[in-house]
1. What ranking, highest mean first, results for peptides 263-274, 219-230 when packing means the other Cβ atoms within 10 Å averaged over each residue?
2. Quick one: what Rg and Dmax do you get for region 62-193 from the alpha carbons, in Å?
3. Scan around residue 313 for amide H atoms under 5 Å from its own, H built in the peptide plane at 1.01 Å from N, and keep only partners 5 or more places away or cross-chain.
4. Averaged across orientations, what area in nm² does the convex hull of the alpha carbons in region 292-332 project?
5. How many percent of Cα pairs in region 149-292 exceed 21 Å?
6. Mean 1/r over all different Cα pairs, inverted: what Kirkwood radius does region 178-249 give, in Å?
7. Take a quick pass over region 163-284 and tell me how many lysine pairs come in under 15 angstrom between Cα atoms, counting only ones 8 or more apart or on separate chains.
8. Which peptide among 162-168, 286-292 comes first, and what is the full order, when sorted by highest mean count of other Cβ atoms within 10 Å?
Amino acid sequence: MNNYIIKNITQLVTCSGFSAKHGQAMSDLGIIENGMVIITGGIISYVGASSEFPVENPENYEIIDATGKAVLPGFIDSHTHFVFGGYREEEFSWRMHGDSYMSIMQRGGGIYNTVRATQAASFEELKAAAKSRLDKMLAMGVTTVEGKSGYGLDKETELKQLRVMQALNAEHPIDIVSTYLGAHAVPKGYSESAYIDFMLKEVLPIIKEEGLAENCDIFCEKGVFSTELSKYFLLEAKKMGFQLKIHADEIVNTGGAELAAEIQALSADHLLQASEKGISALAQSNTVATLLPCTAFSLKEEYAQGRQMIDAGCAVALATDYNPGSCFSSSIPLTIALACIYMKLSPEEAVTALTINAAAALGKEKSIGSIDVGKKGDIIILEYPSYKFLPYHVSMNCVSRTIKSQWHADDTD
Ligand code: NIG
Ligand code: FE
């Protein structure tokens, strides 16, 4: 069904807007009391007061009574690594006993551990595991997810990961936005610059030709990819038509935030160690500051300076960073709770960060991320009458129904 009338909505949280919200604007949720939303052919066709149905054939619509409930745009998880083989539960226990994320990686574990398991897994195995992960995300209200490659490093496995996402995008209700993250670690036997050349010459052209990814990302970090080479790589990818994202200033400050703003990346992600200069560069740019509090939590690191970033005028997004290493959680409820409790975001800012600003972090703010006429009918209905239950019901799923409209260019009704 692609036609819905959702009426008597106690609190309709539209997040209305077609661009990222910076600073104070993040507090404006565009709330309509006793509201109604109509979705026709998968596209939002009415947003406003609950009244008589302004549609021609109400019998073609599923009618949902949302008395006592809040309705919001579907959540957008704009940073995940959800296609991977194997798990790293041993490494998690080592970390709990004092081992560090980077030293495990330097010993050949960490990302390299998952690379081996992902290389060994078949397409079908990866797809089945990823599908069940998507099902859980949908139940938490996620209607669009970004997924990164980066657990192959070699051409064949990177393409396998991206093809799994392409296949799931066609089959699963959640929309998947794919990002090439071949620059996740330097594979054994390569120098950093030789691997960058390999990706630019051997891998990115195929990805472009087959339309396997819209974005290109890099782990810009001390001991992984330098800021200088990250800049060269991303600018070359941009010339090839990719939009840019950066794992920036996660463990050590390397000027990643400044670089993201300079090269007009869609987003700079992590930012635990971003400097004041980096924050102000982001505030003056269109680059979204994407914060991943579940990762800081899982790594027992200090949280990113979310409050300061918003006060400085940044557009902040929140995402889970779901992956088998630094953050084995796709929990939207925990992300919201940590953002509000530890990064001092207000509930309003957290909602903006998971909807319209997350859409902007994917370059999709014109088509998703808010309940506005003309956007996709991606909607969640909460079990409770207010969005304020989202952080308050700590780490619990408040979503009672996710409406993920399927829209195809050839839909006529
Ligand atoms: O975003 N920091 C780099 N990449 C991922 C972790 C990947 C992994 O540990 O497998 C991240 O945290
Ligand atoms: Fe990540």
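The values are calculated or read from the model by the stated rules, or taken from the named source; none is laboratory data. Note that the coordinates shown come from a computational prediction; the quantities given were computed from them, not determined experimentally. Cβ placement follows ideal geometry from the backbone for every residue including glycine, while neighbour counts extend to all protein chains displayed. Surface areas here come from the heavy atoms of the whole protein model, side chains and all, with no ligands, DNA or RNA. Shrake-Rupley method; radii C 1.70, N 1.55, O 1.52, S 1.80 Å.
1. Working: 263-274: 25.4, 219-230: 20.2.
Output ranking for 263-274, 219-230: 263-274, 219-230.
2. 17.5, 61
3. The answer is 23.
4. Result: a mean projected hull area of 2.9 nm².
5. 41
6. For region 178-249, the Kirkwood estimate is 12.0 Å.
7. Details: 201/238; 201/239; 208/238; 208/239; 222/231; 231/239; 231/245.
Lysine pairs, 8 or more places apart or on different chains, close enough: 7.
8. 286-292, 162-168
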